[in-house]
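K.L.:
One structure is given below, represented as structure tokens, and several questions about it will come after.
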């Protein structure tokens, strides 16, 4: 019996899930409201056997003004994974930490705090993770334009003298080819006309 | 026996030890490379390295104590060399008539102490740790070595190395008569040469390069030259104590290089112990052998 | 007592070091030794470091040219910057480079050190290495093969032997203000790496 | 008061980033009392390039060229994970032949990564002869990669929809010769490394992982199998051709450095066996090596999310990917095994062990910094 398929009715009975999306035999996604995610997670951990926290991801849906947080759990038999998703507002909404349940959540939450600016309540140490002395917008937010940042802080070495703009060159070559084909076609036409004359 | 002959002989011994030590360590790298299935550096590579370092700047300034460290080490090793019997025919007019096994054993500890002085001033934690490791290891190394030395001394009824050599000339070399003592001393000797599995002092994966972490340029070059001379002196000591010294230069080179080869082969196939494992090992197995050897005297 | 790198920094900023520029037999000999013995700092800064073990082990065996690894910056002659540098690593590279004893050389590996390479639009990597520390030799490619790395070393040996242009460490001393200005532009005022003293205050 | 006293008696050192005993560019901050470690803290970020941001800016095909740079010793797992995620989102089915070739590439990469690990682990005990040998043996694998893909280290071979090139002529024969050679070499490595008295003395009883926290904390790879748990993504949720291949999961119960080393030794053997099976299977497989995929600008991913994972040489590596209906990937997150191993596990294991063990433990966990910070 498939673990995920049998989980679906139990979970949907017990909680108000917004969706239970069975993606593959070994992967399903549960979307819930933010207010019940802790309860669902407890149920998953204690009773459904999803004991391992694999990772926490965050997706920035800037058009819909929300962050989607995905907590990915693995079953204790390691035969299937489950994604628990919920949305929070892009600014100012904090999430409760998971460091009390899983020690590895500490570094994952630090990563998300640094990259998206999400605050995790009760986290022991939201210090910087990969960046050092970073005072700009958190870099993985959609509004952070990395190219603009690069242009502001660095300059690029000039290319070689004979360096050409690839797009312009492609355009030129295409035009050249077209002209050549046209000339050939005309020549053929004239020749054909000549042949016909003869 | 004038002062000139003493000085002349001393300089000759020093020069020979320097050249031989450099070549031995060059060959060490080359032979190790052959074990590792590669061509390896030229034989003169150690010489190139030390000369290049002598013409380099230093990046550090920690005061005069720091500069004194390598000098003390070099003094210790040069004195050790000069006080050891070099060739049997050079008995007359050699500084080594003033030498004694006790003096030599004390001088051999001078190197680590000089190191400790300099490194203590630099305050580099890796260096301090390396020195601590070196002193801890020294305890383990000295025990079997001293037992072997006591055995050899009590047989020859003298602490004078010349007498020990003379005894061996009459009765045959010590290695054959007292193999257990020789094996005990050989274990310590491998450690004294800084070869695996006892190379805990400067283990790069653990303590950077140990006591040498802060030394650069000329000091490092001096340390390398000192190491070559001291290495040769240690080989000479073992040859004098257990292999009956040497009559000619060729015999000396053959004997010392054979001994050196033993350390190379052991170093290639073994990894590194931890400090306390090394001390444990030395205190147990070689010491036991030494004690049994003493009892069988 | 001052720490070693502070002294080095002072010396870099205030005092011009003596150079062995004038030619002559002795200088030729010194240059020969320098060419024959190159200690490479064991610091893998980026992905190019994956090609360093093959270069130094039995297949390509750089030691036959006298090139071998050194554990600490004090002993090293060459630092190989193997690929892209994030800000955090750049800070350590500058620190390490200033700890090395002159004459010292820099080999830059991979296209990322020349013009950003793959990471031209990344917000955390620098684009031109030679604005921050002087580079003596480039090996291009992503990533350069061990042969390319060996060739860079041999070209560096030739450069040392011929004593061509002012080598990198001399340029660094002469233009220290310019380099410092560039470094400050990306790293801020504290070029020395700052470690947060964590658990002393945290109570972990 | 007691704590203050102990703090004053310790030395604080940084093991890395510039240190011969560190795996890659990272550092461990250590508080030492004598040689015993009181506290340990991992610092990463020296290799942060912002892949996840760069991927968001690129189209699918452009992003493909940079994902292999995420993990340097074993880049192919990233390509496979990326390709699998894109295929899952776009609904592409790859042919049997492409799957077989991918399996072969992944197993070759696994042997290469394990050989590199062997070099690191041996040099951490000062056995300098082993890295000299086994990195040269790994180079033979890289030679085959070069013939197959054109690149030594970065292959860019596993493409969404299949693989990029047909096998060159005589490739499988060379591969089976290489398997013979490696099998012969493994006997030598047994003698000089795995059965070496000094290595056993250093490795047995060092870095013992607590078995109770293995599953909940998500340790994977050799840490998991070295603690007696018989799990491998290749068996649990088979991908590619692994359900048709015959192999064993090596397991040891001790949970120390030596157990992990022996697990890895057995894994090299199993991978050689897998390659031998693949040499026989591949000629009979059918199908195009490359499915028809949309052109560059028209390769659009639907608004869906997915999570794929596979077994790398160090543990399970997963990719989370979300599309948004445009030709660019909305979000890609890399979850490497090293993230958990380097933080949650390493910091625990180091406390109470000695400075001499740091390099041993780090190597035996197989920590690869570029996949921690991307």
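The values are calculated or read from the model by the stated rules, or taken from the named source; none is laboratory data. These numbers were taken from a predicted model, which means no experiment stands behind them. Note: ideal-geometry Cβ built from the backbone for every residue, glycine included; neighbour counts use all protein chains shown.
K.L.:
Looking only at the range D:81-96, decide whether some residue is buried (at least 24 other Cβ atoms within 10 Å of the Cβ) and either within 30 Å of residue D:17 (Cα to Cα) or within 14 Å of chain B (Cβ to nearest Cβ) (or both).
P.N.:
Yes, there is a match, as at least one residue in the range D:81-96 is buried (at least 24 other Cβ atoms within 10 Å of the Cβ) and either within 30 Å of residue D:17 (Cα to Cα) or within 14 Å of chain B (Cβ to nearest Cβ) (or both).
K.L.:
Given the residues B:247, B:240, B:199, which is the only one that is over 20 Å from the mean Cα position of the chain (by Cα) and in contact (Cβ under 8 Å) with a residue 12 or more places away in the chain?
P.N.:
None of the others qualify; the one that does is B:247.
K.L.:
For a quick check of your reading: which helices (runs of 4 or more DSSP H) sit entirely within the range C:3-92 and have at least 3 residues that are at pLDDT below 85?
P.N.:
C:4-14, C:25-36
K.L.:
Additional query: Which residues, counting only those in the range D:61-85, are in contact with a helix residue (DSSP H, G or I) (Cβ under 6 Å, 6 or more places away or on another chain) and closer than 15 Å to residue D:323 by Cα?
P.N.:
D:61, D:63, D:82
Here's the yes/no breakdown for (1) at pLDDT 85 or above; (2) over 19 Å from residue B:256 (Cα atoms):
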{"position": "B:80", "(1), (2)": "yes, no"}
{"position": "B:110", "(1), (2)": "no, yes"}
{"position": "B:113", "(1), (2)": "no, yes"}
{"position": "B:136", "(1), (2)": "yes, yes"}
{"position": "B:146", "(1), (2)": "yes, yes"}
{"position": "B:151", "(1), (2)": "yes, yes"}
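K.L.:
Which residue is surrounded by the fewest Cβ atoms within 10 Å (Cβ to Cβ), if the candidates are limited to the range A:130-151 and must be assigned to a helix (DSSP H, G or I) and within 11 Å of chain D (Cβ to nearest Cβ)?
P.N.:
Per the stated criteria, the residue is A:147.
K.L.:
Given the range D:106-203, what helices (runs of 4 or more DSSP H) lie entirely inside it while holding 2 or more residues that are without any contact (Cβ under 8 Å) to a residue 60 or more places away in the chain, touching a helix residue (DSSP H, G or I) at 6+ places or on another chain (Cβ under 7 Å) and within 27 Å of residue D:293 (Cβ to Cβ)?
P.N.:
Counting at least 2 such residues, we get D:129-149.
K.L.:
Then there is this: Identify, please: which residue in the range D:311-331 is within 9 Å of chain A (Cβ to nearest Cβ), assigned to a strand (DSSP E or B) and over 16 Å from residue A:81 (Cβ atoms) and is, among those, nearest to the chain's Cα centre (by Cα)?
P.N.:
Among those that are within 9 Å of chain A (Cβ to nearest Cβ), assigned to a strand (DSSP E or B) and over 16 Å from residue A:81 (Cβ atoms), it is D:331.
K.L.:
Considering each of A:31, A:36, A:3 in turn, give the residue that is surrounded by 13 or more Cβ atoms within 10 Å (Cβ to Cβ), in contact (Cβ under 8 Å) with a residue 40 or more places away in the chain and over 23 Å from residue D:219 (Cβ atoms).
P.N.:
A:31
K.L.:
Considering (1) surrounded by fewer than 22 Cβ atoms within 10 Å (Cβ to Cβ); (2) in a strand (DSSP E or B), say which one residue D:254 fails and leave the rest.
P.N.:
The single condition residue D:254 does not satisfy is (2).
K.L.:
On the given criteria, is residue D:223 in a loop (DSSP other than H, G, I, E, B), touching a helix residue (DSSP H, G or I) at 6+ places or on another chain (Cβ under 8 Å), away from chain B (no Cβ under 14 Å) and touching a residue at least 40 places away in the same chain (Cβ under 8 Å)?
P.N.:
Against the criterion (in a loop (DSSP other than H, G, I, E, B), touching a helix residue (DSSP H, G or I) at 6+ places or on another chain (Cβ under 8 Å), away from chain B (no Cβ under 14 Å) and touching a residue at least 40 places away in the same chain (Cβ under 8 Å)), residue D:223 does not qualify.
K.L.:
Restricting attention to the range C:126-142, which residues are in contact with a strand residue (DSSP E or B) (Cβ under 7 Å, 6 or more places away or on another chain) and under 24 Å from residue D:151 (Cα atoms)?
P.N.:
C:137, C:138, C:139
K.L.:
In addition: Counting only residues that are assigned to a helix (DSSP H, G or I) and free of Cβ contacts under 8 Å to residues at least 12 places away in the same chain, which one in the range B:17-43 is surrounded by the most Cβ atoms within 10 Å (Cβ to Cβ)?
P.N.:
For the range B:17-43, the residue satisfying everything is B:33.
K.L.:
Please determine whether any residue of the range A:93-105 is part of a loop (DSSP other than H, G, I, E, B), in contact with a strand residue (DSSP E or B) (Cβ under 7 Å, 6 or more places away or on another chain) and more than 14 Å from chain D (Cβ to nearest Cβ).
P.N.:
yes
K.L.:
Sticking with this one: Does residue D:49 fit the bill of being in contact with a strand residue (DSSP E or B) (Cβ under 6 Å, 6 or more places away or on another chain) and within 30 Å of residue D:295 (Cα to Cα)?
P.N.:
The answer is yes for residue D:49.
K.L.:
Here is a follow-up. Hey, does the range B:63-81 have a residue that's more than 7 Å from chain C (Cβ to nearest Cβ), in a loop (DSSP other than H, G, I, E, B), crowded, with 17+ Cβ neighbours inside 10 Å and out of contact with any strand residue (DSSP E or B) (no Cβ under 8 Å at 6 or more places or on another chain)?
P.N.:
no
K.L.:
Residue under question is residue D:319, and the condition is that it be buried (at least 23 other Cβ atoms within 10 Å of the Cβ), touching a helix residue (DSSP H, G or I) at 6+ places or on another chain (Cβ under 9 Å) and under 19 Å from residue D:64 (Cα atoms); does it hold?
P.N.:
yes
K.L.:
Another question, then. When residue A:110 is evaluated against the numbered criteria (1) out of contact with any helix residue (DSSP H, G or I) (no Cβ under 7 Å at 6 or more places or on another chain); (2) farther than 20 Å from residue C:88 by Cα, which criterion, by number, is the only one it fails?
P.N.:
Just one mismatch for residue A:110, condition (2).
K.L.:
Then there's this: Residues that are within 26 Å of residue B:271 (Cα to Cα): find the helices (runs of 4 or more DSSP H) completely inside the range D:335-374 holding 3 or more of those.
P.N.:
D:346-350, D:355-365
K.L.:
Of the numbered conditions (1) modelled with pLDDT of 80 or more; (2) in a helix (DSSP H, G or I), residue C:142 fails exactly one; give the number of that condition.
P.N.:
Of everything listed in (1) modelled with pLDDT of 80 or more; (2) in a helix (DSSP H, G or I), residue C:142 misses just condition (2).
K.L.:
So, residue D:244, is that one away from every other protein chain (no Cβ under 14 Å), within 25 Å of residue D:160 (Cβ to Cβ) and without any contact (Cβ under 8 Å) to a residue 60 or more places away in the chain or not?
P.N.:
So residue D:244 fits the description; yes.
K.L.:
Follow-up question, since we're still on this one. Please enumerate the residues belonging to the range B:145-163 that are closer than 29 Å to residue B:281 by Cα and either in contact (Cβ under 8 Å) with a residue 60 or more places away in the chain or not in a helix (DSSP H, G or I) (or both).
P.N.:
B:147, B:148, B:149, B:150, B:151, B:152, B:154, B:155, B:159, B:161
K.L.:
Shifting gears a bit: Given the structure, is residue D:263 under 21 Å from residue D:171 (Cα atoms) and assigned to a helix (DSSP H, G or I)?
P.N.:
no
K.L.:
How many residues does the range C:98-116 contain that are within 14 Å of chain B (Cβ to nearest Cβ) and either assigned to a strand (DSSP E or B) or touching a residue at least 60 places away in the same chain (Cβ under 8 Å) (or both)?
P.N.:
So the count comes out to 6.
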